[in-house]
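**Q** I am attaching a structure below and will ask some questions about it afterwards.
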Amino acid sequence: MKKLLLTFSTFTFFIGSINALADQGTINDIEDAARRLDINILQTLGQSEDLYDAALAQYRLAISYSNTNNIDEAKAVLTKAMSQLETLVKEKPNDAEAWALLGLVYGTQAGFTPIKAAKYGPKAGNSIAKAKTLAPNNPRVNLVAGINKYFTPAIFGGSKISAINALNNAIANYVGDEASGYHWGHAEAYVWRGLVQMELGEHQKALSDWQAAIAIQPDYYWASSLLKKNQ
């Protein structure tokens, strides 16, 4: 009986590991397509049955649309991502990853639709606060918190120093995160920290952060373009 139980446990662990790898594989595909601004692939990945994967693809698709000046399309796919993530957090209210991504989507929608910033800004802050409560050291939670602090006006609690602190925490906690099944944003955290450093007058630190981003993702166009522009 013990041998049977051990065999079953090993099989269950093996299947769980495959599922985690499959989830990470989809996220890797999304991130690869986003770096290439491959709208067709992102549209396909946005049809995933997994709500988190679908929403991440929709978010990346929105950024790709914005980079090609298709703001109306960007707003539309962000609306889809919102709906997917709002459903997900209702089903899994303790899912910090879902709350963090939802906060990022709300915040991005606020940026694309300033007239609705009063609606989406607080929603972003509340979602990120929920994620922080659930997983204070999660790298993506801190990445999103840093982005939010960077864009939030000081009168509403935004701060470049707070953004740096959150991004420092994110970068520190990306170490060992590769097997999380949700791994994305490591190089991006360096890009955002570099942007904040540049605004704080720390030119060399900004360049070092963008170089670190490229070391993680050599094909990262955003980091490469920032480095070339500011060297």
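The values are calculated or read from the model by the stated rules, or taken from the named source; none is laboratory data. If you're wondering where the values come from, they're calculated on a predicted model, not measured in any experiment. Virtual Cβ from ideal backbone geometry, glycine too; neighbours counted across all protein chains shown.
**Q** Any idea which residue in segment 174-231 is surrounded by the fewest Cβ atoms within 10 Å (Cβ to Cβ), counting only those that are within 19 Å of ALA145 (Cβ to Cβ) and hydroxyl-bearing (Ser, Thr, Tyr)?
**A** SER180
**Q** Only one of (1) at pLDDT 95 or above; (2) over 19 Å from ILE71 (Cβ atoms) fails for GLY157. Which number is that?
**A** The one condition GLY157 does not meet is (1).
**Q** State all residues of segment 76-115 that are of a type in the set (A, V, I, L, M) and either surrounded by fewer than 16 Cβ atoms within 10 Å (Cβ to Cβ) or farther than 22 Å from HIS183 by Cβ (or both); if no residue qualifies, say none.
**A** Correct list: ALA76, VAL77, LEU78, MET82, ALA110, ILE115.
**Q** For the structure I just gave you, tell me whether THR44 is free of Cβ contacts under 8 Å to residues at least 24 places away in the same chain and in a helix (DSSP H, G or I).
**A** yes
**Q** Considering only residues that are touching a helix residue (DSSP H, G or I) at 6+ places or on another chain (Cβ under 7 Å) and surrounded by fewer than 22 Cβ atoms within 10 Å (Cβ to Cβ), which ones fall in segment 157-170?
**A** Within segment 157-170, GLY158, SER159, LYS160, SER162, ILE164, ASN169 qualify.
**Q** Could you tell me whether any residue of segment 146-165 is on the phi > 0 side of the Ramachandran plot and under 13 Å from the mean Cα position of the chain (by Cα)?
**A** So far as segment 146-165 goes, no, none of its residues is on the phi > 0 side of the Ramachandran plot and under 13 Å from the mean Cα position of the chain (by Cα).
So that you can scan it fast, the table gives a plain yes or no per residue for (1) at pLDDT 95 or above; (2) surrounded by 11 or more Cβ atoms within 10 Å (Cβ to Cβ); (3) in a helix (DSSP H, G or I):
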{"position": "THR7", "(1), (2), (3)": "no, no, yes"}
{"position": "THR12", "(1), (2), (3)": "no, no, yes"}
{"position": "ASP23", "(1), (2), (3)": "no, yes, yes"}
{"position": "ALA33", "(1), (2), (3)": "no, yes, yes"}
{"position": "SER48", "(1), (2), (3)": "no, yes, no"}
{"position": "ALA55", "(1), (2), (3)": "yes, yes, yes"}
{"position": "TYR59", "(1), (2), (3)": "yes, yes, yes"}
{"position": "SER64", "(1), (2), (3)": "no, yes, yes"}
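**Q** Within segment 173-212, how many residues are under 21 Å from LEU101 (Cα atoms) and among the small types (Gly, Ala, Ser)?
**A** 7
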